[in-house]
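I have placed the structure first, in the form of structure tokens, so that the comments after it can refer back to it.
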Amino acid sequence: MSDNRISVAKTYKLYVDGKFPRSESGRTYPVTDSKGAFLANASHASRKDVRDAVVAARKAFGGWSGATAYNRGQVLYRVAEVLEGRREQFAAEVAASEGLPARKAQSVVDAAVDRWVWYAGWTDKIATVLGAANPVAGPYFSFTVPEPTGVVGVLAPQESSLLGLVSVVAPVLATGCTAVVVSSADRPLPAITLSEVLATSDVPAGVVNVLTGKASELGPWLASHGDVNALDPTGAGPLGRVEIAREAAGTVKRVLAVPEDEPDWTRRPDIARLRRYLEPKTVWHPQGV
Amino acid sequence: MATPTLPAELSDATRDETSLRRFLHGLPGVDQVGVEQRAAGLGTRSIKKGSKLWAIDTAISMVDLTTLEGADTHGKVRALAAKARRPDPDRPDTPRVAAVCVYPDLVSTAVGALTGTGIGVASVATAFPSGRSSREVKLTDVALAVNSGASEVDMVIDRGAFLEGRYGQVFDEIQAVKEACAAAGNTAHLKVILETGELATYDNVRRASWLALLAGGDFIKTSTGKVSPAATLPVTHVMLQAVRDWYVSTGELRGVKPAGGIRNTKDAIRYLVAVHEVAGPEWLTPSLFRFGASSLLNDLLLQRRTQLDGHYSGPKYVTVD
């Protein structure tokens, strides 16, 4: 092979219901690296792709939320294994997208894998931390157990294309919710590769759906959708968040309170995001004998 | 077995079994590639905004809300009747469905819940869904339905006899059921289920359609919903051609009812486009076109909400039936 071989440019597709469909609209857009050089084409998702993704996420919710916490943890660990196996590809994509030097990109990828493992570990522990056996005045047991909220719309961070993405998607999955993710518009390649990872690990179809496109276009449709239960508006930007909050009010969604600017994703997270995607259910049970 | 009001060539066809066979086998063959291509082509037509809302409302008014399960209870039929009367309680302007379709023993429950609403009660009969029983049993089945107050009877043809070429027997049976529908002052409409999934070819579908029309069926219906494939667009095309041709030769309007497998609004609108283009706009009414469906109604209601609210809705906003 000579050096003047013409490389094969990819046109990536969406990830919906465990499959890789084109956008219903047929639109694509060019993805460039941090210096403006062409990298690949990505699908430009439309509102109908949002609609299809929410249907897929709702269909998958029963199985994923009903799986045992231990099982969910095993599935997420498996995702981390496959992520680890693709370190080089992720590092190259992060380096190109975010304009980082190779060593820095590598450490971002490592941090992302570690972040995934951290959330995977929480699946079978969070109920113990957030649940309670409540002291009540009467011959009853009263238990509070956290239950997954439902379908979560995630507008992924625009800047941090892998570590930020993992930091917002993993907590959704760890709680047993299903996700419709709108990736970073200018830096979608790590999200696309992550969807390939999810498709080839044990995550059931529809549990994560990844749309590439503009958060400003898709966000309001996710926010007003009657079948979406919670929303993470991180990638919407300060102005977009106002519109999203307004659109989400009609169906009283859980909308995450997120800081104005993207946080430092390398900082160790806490369980705030897990807590937001769980609803407490309290049951009373007679003590019997 | 002749029917008096038909034009000469059609009344001649019903004179005896030989002429019936000659007539049915003399029908032009169906161009399989052509009809499938045309059905697929019409299916791509884009219906949006105001037209879509009109189509959704029309489709809702054409639904025969159906429950045909062994586990049907009186309570389920009453719940279905409530849904038929008021499909979307949040939006009282939603049109009512055309009819509720149940098994004969549940007809009286449905009639009791729907009296005075103008919603019909359809009943399947004649040893539905297989049709494998004696004529006597089938007619008793029909009598049970009409005497309980059914306004429409969905009968199945004897597919075995049809495929063996005993057209006269099928013809006589449809006529006998037609008479049973009109017995004792009843005025039940007759829908004839061809069960196209078991007829194997489009030519057979066309023959069975004409056979049912000749014998006096008010509607021809694709399927029972118990056999796969159920209703398909090309099959419905062939049947719509038959009712249109029947109208051209007799001046009489007969209906078509696709049933089974139509689950979402997109499909329903494709059928409406086919009705408009193949039969004609005068068929776009519940008295001449129906959908046999159970889960279709919820999707129509969700799409209707999406059109009116300007945002997507979810399945938890409509009743589970």
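The values are calculated or read from the model by the stated rules, or taken from the named source; none is laboratory data. These numbers come from a predicted model, not from an experiment. Every residue, glycine as well, gets a Cβ built from its backbone with ideal geometry; the counts of neighbours run over all protein chains shown.
Only strands (runs of 3 or more DSSP E) wholly contained in the range A:69-175 count here; list those with 1 or more residues that are closer than 23 Å to A:ASP232 by Cβ. Give the derivation first.
Details: elements: A:132-134, A:140-148, A:151-155.
Filter on the range A:69-175 gives A:140-148, A:151-155.
For B:GLY251, state whether it is within 14 Å of another protein chain (Cβ to nearest Cβ), of a type in the set (Gly, Ala, Ser) and more than 18 Å from B:LEU80 (Cβ to Cβ). Working first, answer last.
On the way: within 14 Å of another protein chain (Cβ to nearest Cβ): no; of a type in the set (Gly, Ala, Ser): yes; more than 18 Å from B:LEU80 (Cβ to Cβ): yes.
It is false that B:GLY251 is within 14 Å of another protein chain (Cβ to nearest Cβ), of a type in the set (Gly, Ala, Ser) and more than 18 Å from B:LEU80 (Cβ to Cβ).
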Condition test on B:PRO258, is it within 16 Å of the chain's Cα centre (by Cα) and within 16 Å of B:PRO129 (Cα to Cα)?
-> yes
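Within the range B:51-71, restricting attention to residues that are touching a helix residue (DSSP H, G or I) at 6+ places or on another chain (Cβ under 8 Å) and under 20 Å from B:SER223 (Cα atoms), which residue is surrounded by the fewest Cβ atoms within 10 Å (Cβ to Cβ)?
In the first step, residues of the range B:51-71 are kept if they are touching a helix residue (DSSP H, G or I) at 6+ places or on another chain (Cβ under 8 Å); the result is B:52-53, B:55-60, B:63, B:65, B:67.
Of the ones still in play, those that are also under 20 Å from B:SER223 (Cα atoms) are B:59-60, B:63, B:65, B:67.
On the way: B:ALA59: 29, B:ILE60: 26, B:VAL63: 27, B:LEU65: 27, B:THR67: 19.
Within the range B:51-71, the match that is surrounded by the fewest Cβ atoms within 10 Å (Cβ to Cβ) is B:THR67.
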Cβ pairs under 6 Å, 6+ apart, first in the range B:300-320 and more than 9 Å from chain A (Cβ to nearest Cβ), second of a type in the set (A, V, I, L, M, F, W, C) and assigned to a loop (DSSP other than H, G, I, E, B) = B:LEU301/B:VAL318
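Let's see how each residue does on (1) in contact with an Asp or Glu (Cβ under 9 Å, 6 or more places away or on another chain); (2) surrounded by fewer than 21 Cβ atoms within 10 Å (Cβ to Cβ); (3) at pLDDT 95 or above:
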residue: A:ALA230; (1), (2), (3): no, no, yes
residue: A:ILE244; (1), (2), (3): no, no, no
residue: A:GLU260; (1), (2), (3): no, yes, no
residue: A:PRO263; (1), (2), (3): no, yes, no
residue: A:PRO286; (1), (2), (3): no, yes, no
Given the conditions (1) over 30 Å from B:ALA208 (Cβ atoms); (2) within 13 Å of chain A (Cβ to nearest Cβ), report the number of the one that B:THR265 does not fulfil.
-> (1)
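If I ask for residues that are within 14 Å of chain B (Cβ to nearest Cβ) and in contact (Cβ under 8 Å) with a residue 40 or more places away in the chain, which ones from the range A:197-243 would you list? Can you show your working first?
Keep residues of the range A:197-243 that are within 14 Å of chain B (Cβ to nearest Cβ), which gives A:218-231, A:243.
Answer for the range A:197-243, where residues must be within 14 Å of chain B (Cβ to nearest Cβ) and in contact (Cβ under 8 Å) with a residue 40 or more places away in the chain: A:LEU218, A:GLY219, A:TRP221, A:LEU222, A:ALA223, A:HIS225, A:ASP227, A:VAL228, A:ASN229, A:ALA230, A:LEU231.
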Any pair with Cβ under 8 angstrom, 6 or more apart, that starts in the range B:271-293 at a residue that is among the acidic types (Asp, Glu) and ends at one that is surrounded by fewer than 19 Cβ atoms within 10 Å (Cβ to Cβ) = B:GLU277/B:LEU42; B:GLU282/B:LEU253
So, in the range A:2-20, of the ones that are part of a loop (DSSP other than H, G, I, E, B) and touching a residue at least 24 places away in the same chain (Cβ under 8 Å), which residue ends up surrounded by the fewest Cβ atoms within 10 Å (Cβ to Cβ)?
-> A:ALA9
In this structure, does A:SER216 turn out to be part of a helix (DSSP H, G or I), more than 25 Å from A:LYS19 (Cβ to Cβ) and of a type in the set (S, T, N, Q)?
-> yes
Sort out which residues of the range A:60-91 are out of contact with any helix residue (DSSP H, G or I) (no Cβ under 7 Å at 6 or more places or on another chain) and surrounded by fewer than 17 Cβ atoms within 10 Å (Cβ to Cβ), and write them in order of number.
-> A:GLY62, A:GLY63, A:GLY66, A:THR68, A:TYR70, A:ASN71, A:GLN74, A:ARG78, A:GLU81, A:GLY85, A:GLU88
Subset of the range A:6-51 (residues that are more than 14 Å from chain B (Cβ to nearest Cβ), within 21 Å of the chain's Cα centre (by Cα) and either at pLDDT below 95 or over 15 Å from A:SER183 (Cβ atoms) (or both)) | A:ASP17, A:GLY18, A:LYS19, A:PRO21, A:ARG22
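Here is a yes/no grid of residues against (1) under 16 Å from the mean Cα position of the chain (by Cα); (2) part of a helix (DSSP H, G or I):
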residue: A:THR193; (1), (2): yes, yes
residue: A:ASN209; (1), (2): yes, no
residue: A:ALA245; (1), (2): no, yes
residue: A:ASP264; (1), (2): no, no
residue: A:ARG267; (1), (2): no, no
residue: A:ASP270; (1), (2): no, no
residue: A:ARG273; (1), (2): yes, yes
residue: A:TRP284; (1), (2): no, no
